[in-house]
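Here is the structure we will look at.
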Amino acid sequence: MAREIGFNHGAPENTESVWEAWINDRAFTFRKTRQKGGVFLYSCERKSGDTESVTSFFSERNLTPEELEALPQFFASISTTM
């Protein structure tokens with residue numbers, strides 16, 4: 001019986017996603033990174049000139065970009081950033 005070499009269930013899931021979203025005429029960079037233990041680190045970054053604002057949190061949920069952009073953790077930051 002031959003042994004299978006490599007991944008038994010296909011390639012591993014991409015562990016990091018980065019995307020830019022324009023919200024209220026401002027550009028935000030969102031990041032989703034899978035950490036050890038299966039949790040995700042989510043962050044939202046806004047740059048304006050020399051100023052940078054970043055907020056982040058950990059979650060066990062694998063959120064979509066739409067879900068992430070609508071979360072209260074980021075909505076407050078997005079609404080008040082520069």
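Scanning region 33-57 for residues being modelled with pLDDT of 90 or more and outside any strand (DSSP E or B) gives a total of 2.
All of GLU60, GLU13 fail the test of being acidic (Asp, Glu), modelled with pLDDT of 85 or more and touching a strand residue (DSSP E or B) at 6+ places or on another chain (Cβ under 9 Å), apart from GLU60.
Here is a check on your reading of the model: is PHE30 surrounded by 10 or more Cβ atoms within 10 Å (Cβ to Cβ) and modelled with pLDDT of 90 or more? Here the answer is yes, as PHE30 does meet what is asked. Scanning region 37-75 for residues that are of a type in the set (S, T, N, Q), more than 18 Å from ASP25 (Cα to Cα) and surrounded by 13 or more Cβ atoms within 10 Å (Cβ to Cβ) gives SER43, THR55, SER56, SER59, GLN73.
The values are calculated or read from the model by the stated rules, or taken from the named source; none is laboratory data. Model, not experiment: these values are computed from the prediction. Positions of Cβ are generated from backbone atoms using ideal geometry, with glycine treated the same way; all protein chains shown enter the neighbour counts.
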